[in-house]
Amino acid sequence: MSTPADHLPLAGLLVLDFSQFLAGPSATLRMADMGATVIKVERPVTGDLCRQLYISDLEIDGDSTLFHTINRNKRSYAADLKNPEDLAKVRRLIGKADLMIENFRPGVMERIGLSYAEVRTLNPRIIYGSVTGYGRTGPWIDLPGQDLLAQSRSGVVWLNGDADQGPVPVGLALADILTGAHLVQGLLGALVRRGIHGRGARVEVSLLESVLDFQFEVLTTYLNDGARPPKRSAVNNAHAYLGAPYGIYATADGYLSLAMGPIATLAKALDCAALQPYLDRNCWFTRRDAIKDILGKHLKTQATQYWLDRLIPVDYWCAPVMTWAELLEHDGFKTLGFLQDVVRGNGARVRTTSCPIRFDGIRPQAARAAPKVAEDNAWVEANYLAD
């Protein structure tokens with residue numbers, strides 16, 4: 001069921017999305033969730049390259065699941081930006097838009113004739129969002145802005161895994177997703193300023209800066225701690241800068257996560273006498289591996305639920321490690337109402353996630369699935385280019 005348009009905070013705004021892959025489209029996905037009309041400006045025939053970027057062997061109605069995931073509730077307008085006639089139409093669209101987003105390498109939009117300076121002459125109130133890999137200056141500007149490569153340059157890969165594993169990347173498109181979120185924050189801030197002062201803005205984000213910001217706590221520690229490198233635990237590492245027992249442990253039938261908390265409380269709840277020498281919090285980091293090794297052996301003797309039944313009553317921070325199958329069947333997940341079905345005009349259906357934000361208690365939902373290439377050319381031209 002779709003959310004009423006007048007309930008959504010960005011209803012009435014027109015967003016032109018020239019971006020591909022994940023960072024930019026994830027930003028416009030969230031804006032579409034919040035009610036904006038988002039038009040993907042794609043190349044004819046092939047469209048956004050993300051349509052053919054597969055993260056599994058699953059294809060739905062000719063497009064990758066990744067494309068479906070981040071392009072629901074958008075419209076597709078196919079235009080060849082090297083064709084003067086198509087470019088003229090796009091420039092007319094820009095004149096009516098509130099925001100536009102691009103993630104080409106630095107210099108590409110200038111060559112096309114759609115740089116911020118040129119676009120601002122068409123529409124002084126437009127908010128122009130740019131996504132790059134490493135900013136618009138410096139020696140890295142021409143390098144590919146790809147998630148794993150940005151993670152690798154950022155240092156975040158030295159925070160994951162155990163001490164003897166070498167660099168371990170986060171198993172998600174971390175840089176892309178964070179950058180998209182930062183882009184939305186910047187665009188919304190610029191919209192507020194435009195509402196107050198009446199002028200547009202250029203909003204710039206990069207994959208590298210977003211991953212660096214994600215590390216702000218630990219990087220600040222490094223900058224003020226004599227540049228001592230992060231030291232991962234050799235046993236069940238979960239955070240290089242936190243002491244025992246922080247980590248995930250195998251049990252007799254699964255896994256259990258333990259967060260921060262007094263070792264004395266843990267020792268009593270688990271009936272683990274071997275932890276008694278480690279009750280002083282000053283040793284929870286210096287003797288981290290020894291403590292974790294004891295816990296690892298002890299927790300394997302009973303099932304996960306056995307330990308939860310002892311830890312939860314004493315308010316020790318813990319959780320079972322759940323699979324997606326377990327999560328989706330749990331009432332704690334079902335009560336969120338986080339999944340939705342979106343449908344294409346031809347009936348192709350995709351089960352996917354919903355917007356994680358609620359407005360006045362209502363979660364935005366829309367039944368429109370990701371568009372086919374050029375699916376909305378006639379609609380766009382009738383609604384925005386007819387005059």
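FYI, it's all coordinate maths here, none of it is from the lab. These figures come from a predicted structure and were not determined experimentally. In this analysis, Cβ positions are derived from the backbone assuming ideal geometry, glycine residues included, and neighbour counts consider all displayed protein chains.
Rounded to the nearest angstrom and ordered from largest down, what semi-axes does the equivalent ellipsoid of segment 247-329 get from its C-alpha gyration tensor (root of 5λ)? Display every interim value, and only then the final one.
Values: eigenvalues 103, 31, 29 Å².
Ellipsoid semi-axes (Å, largest first): 23, 13, 12.
Which of the pairs K231/K300; K96/K372; K268/K334; K297/K334; K231/K297; K74/K96 have their Cα atoms more than 29 Å apart in this structure? Show your work: numbers first, answer last.
Numbers: K231/K300 26 Å; K96/K372 23 Å; K268/K334 34 Å; K297/K334 34 Å; K231/K297 23 Å; K74/K96 17 Å.
Checking Cα-Cα distances, K268/K334; K297/K334 exceed 29 Å.
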Practice problem: Give me D61, D280 ranked fewest to most by other Cβ atoms within 10 Å of their Cβ, as a rough exposure proxy. | Solution: D280, D61
Quiz item: Applying the Karplus parametrisation 6.51 cos²θ - 1.76 cosθ + 1.60 with θ = phi - 60° to the phi angles of segment 189-196, what ³J(HN,Hα) value in whole Hz is obtained for each residue in order, glycine and proline being reported as x?
Solution: x, 5, 5, 4, 4, 4, x, 8
Exercise. Fewest Cβ neighbours within 10 Å first, please rank T69, T353, T304 accordingly.
Key: T353, T69, T304
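Can you check how the C-alpha radius of gyration of segment 95-247 compares to 2.2 N^0.38 Å, as a plain ratio?
Numbers: Rg = 19.0 Å, N = 153, 2.2 N^0.38 = 14.9 Å.
Taking the Cα Rg and dividing by 2.2 N^0.38 Å, one obtains 1.28.
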Quiz item: Can you give the charge dipole size of the chain about its Cα centre, rounded to the nearest 20 debye, using +1 on the beta carbon of Lys and Arg and -1 on the beta carbon of Asp and Glu?
Solution: 680 debye
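Please rank M34, M100, fewest neighbouring Cβ atoms within 10 Å first, as an exposure proxy.
With the sparsest Cβ surroundings first, the list reads M34, M100.
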Exercise. Name the residues whose placed amide hydrogens come within less than 5 Å of the amide hydrogen of S206, ignoring near sequence neighbours (fewer than 5 apart) on the same chain.
Key: T132
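Classify segment 24-102 as rounded, prolate or oblate, taking a ≥ b ≥ c as the square roots of the eigenvalues of its Cα gyration tensor: rounded when a/c is under 1.5, otherwise prolate if a/b is larger than b/c and oblate if not. Provide the component values of the computation, followed by the final result.
Values: a/c = 2.82, a/b = 1.39, b/c = 2.04.
Oblate is the answer for segment 24-102, as a/c is 1.5 or above yet b/c matches or exceeds a/b.
Please state the equivalent ellipsoid semi-axes for segment 192-268: what are the square roots of 5 times the Cα gyration tensor eigenvalues, largest first, in whole Å?
On the way: eigenvalues 315, 66, 35 Å².
The equivalent ellipsoid of segment 192-268 has semi-axes of 40, 18, 13 Å.
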Quiz item: Any idea what the relative contact order of segment 247-329 is, in percent, if you count C-alpha pairs under 8 Å spaced at least 6 apart?
Solution: 43 percent
Practice problem: In whole Hz, with x marking every Gly and Pro, tabulate ³J(HN,Hα) for segment 296-311 from phi via Karplus 6.51 cos²θ - 1.76 cosθ + 1.60, θ = phi - 60°. | Solution: x, 5, 5, 5, 6, 7, 9, 6, 4, 5, 4, 6, 4, 5, 9, 8
Practice problem: Just need the Rg to Rh number for segment 1-139, please, alpha carbons only, Kirkwood Rh. | Solution: 0.97
Self-check item: Per-q log10 I(q)/I(0), the chain, q = 0.12, 0.15 Å⁻¹ (Debye; single scatterer per alpha-carbon; no solvent)
Solution: -1.02, -1.32
Quiz item: Per 10 Å bin, what percent of the C-alpha pairs of segment 282-368 does each bin hold, from zero upward?
Solution: 12, 26, 25, 18, 14, 4, 0
Quiz item: For segment 121-188, what's the radius of gyration and Dmax over Cα atoms, in angstrom?
Solution: 15.6, 56
